[in-house]
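> The structure that follows is given in the form of structure tokens.
Only the coordinates and a few stated rules stand behind these numbers; no lab work does. This is a predicted model, so every value here is computed, not measured. Cβ placement follows ideal geometry from the backbone for every residue including glycine, while neighbour counts extend to all protein chains displayed.
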Amino acid sequence: MKKAILGLSFLVFSVLYAFSQPYCTGSGRYVDSLFACVDISNDLQFGTGVKDWGWGNILCLDLNLPPYNTQLSLRCDVYEPCGDTLSARPLIIAIHGGAWASGNKNDFADFGELMAKKGYVVASINYRLSLPDNLLCWPGEVDSIKLYRAVMRGIQDSKAAVRYFRKNAAIFRIDPDYIFALGASAGAFNALGVGYMNWESERPGACEAKPQYGNWLGNLLLPDMGSVEGNGGNPDQPSSVRAVVSLSGAVLDPIVFEGPSDPPLLAFHGDADDVVPYGYDCLLKGLIGQGLFDKCIRVYGPDAYLPIAQAAGVDASLITFPDGGHGYTPEELDMAIAETVDFLCAQMPPPVAVNELPSRALVSLYPNPSNGQAVLRSSPDGVGKTWQLFDLNGRIVAETIIQAEIQPLDLTHLSSGLYLWTILDAGRQVAGKFVIE
């Protein structure tokens, strides 16, 4: 049975992992679920957005009328690994689907918990839903102008989320250089816009003021939407991201892909998707075929935009689900999660920065790798100093005072994997890596 992404929860099932990047090998942060629990902060406000109003069937809009100074609060849920001691952690901005008409931040709750247990901070965000949630209202409400503007609002709000967390990086203990955008369906349109729509020339013409559609009490029904960044808050911060993951998304125009300086991209898509096209085709093609929707709004799915992005030099890849639709089977979802874990991990630097600085105190640990039985060797200047061993979560797992220039250590109680050791000498950190097989 298919698990629909459009408007339904993005559920997480058991995962099989595969890794290619050195710090994604074996066990460790960003790979395994090392944290037993997750701290969740609900309904945090990250920005604001002006409420939208349609010009069609008033009954389909629940009688919501202007004025246009109504500001909506944009909110998110934040997932953090409990007990984490790192001060600069990667952040994933997770953006739900729902055709810009439905869905909410709860749709990524399972994903948020899964990735937080691996050491990420995850912010699952809401954004302005600009289209009627009643499908029967769509033929009268949705044309290319209305849809383009809905997409633009989602992108603006998603960019506002990036700026908010970059502004408050110290509060949330995130690394502002390692913010990722990930979205499903409509949320994937938003994530792709966050990653690659950076110039006003890339803004759709539908976002300009449209006085020909009339006004309400002197206010244009379709005013200019503002810049690609929007007015959601924190304009002093950039909205750039480190990488993008698209689950069944598309772009309005592949002009947004510029070159090798663009963030890496991993896309997933079913080649039989009749909601968001795999290639260059109509949105909601399945509904068009059933006579339930009468607008052909063409967008570029990954099979159409990927060659353009790669030709420009973007590090972009696509995983195709043969005969796959807009929803994913449990097997497809497992693969998507596993490949996403691998992809994001590969973008990361070593989980803990280590300064192997020269010092008067010369210390080494051998054999390295070891079975847990090791010898700590120090120059005379190192005797009396405290030696500490950390796991990749930043937790101290072993500690000793250096008593002699040659001192045996029994670390057989520790699991296999990569560890980092350190001592302090004259205010400088002397450190190294240690592997237990």
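> Calculate I(q)/I(0) for the stretch 102-208 by the Debye formula, one identical point scatterer on each C-alpha and no solvent, and give its log10 at q = 0.11, 0.13, 0.15 Å⁻¹ to two decimals.
-0.41, -0.55, -0.71
> Express in whole angstrom the spacing between the alpha-carbon centres of the stretch 277-320 and the stretch 178-228.
Centre-to-centre (Cα) distance: 19 Å.
> How would you rank L192, L147, going from fewest to most other Cβ atoms within 10 Å of each one's own Cβ?
L147, L192
> Could you pull the Cα extents of the stretch 22-347 along its three principal axes, largest to smallest, in whole Å?
60, 42, 34
> Suppose R0 equals 30 Å. What FRET efficiency, 1/(1 + (r/R0)^6) with r the Cβ-Cβ distance, do N371 and S33 give to the nearest 0.05?
0.70
> Give the order of S33, S201, S130 when sorted by the count of other beta carbons within 10 angstrom, beginning with the fewest.
Ascending Cβ contact count within 10 Å gives the list S201, S33, S130.
> A follow-up question, please. Quick one: order L221, L284 by neighbouring beta-carbon count within 10 Å, fewest to most.
Placing the least packed residue first, the sequence is L221, L284.
> Any of K167/K210; K51/K146; K105/K210; K385/K433; K159/K295; K146/K167 with alpha carbons more than 24 Å apart? Name them for me.
Those over the limit are K167/K210; K105/K210; K159/K295; K146/K167.
> Moving on to the next point. Beyond 20 Å, what share of the Cα-Cα pairs of the stretch 363-436 is found? Please give it as a whole percent.
22
> Set the Förster distance to 41 Å, then compute FRET efficiency between T85 and L135 from the Cβ-Cβ distance, nearest 0.05.
My answer for the efficiency is 0.25.
> Where the only charges are on Cβ atoms (+1 Lys, Arg; -1 Asp, Glu), what is the dipole of the stretch 368-425 about its Cα centre, to the nearest 20 debye?
Once rounded to the nearest 20, the dipole reads 80 debye.
> Give the average over all directions of the projected area of the C-alpha convex hull of the stretch 290-330, one decimal, in nm².
With every direction weighted equally, the projected area is 4.7 nm².
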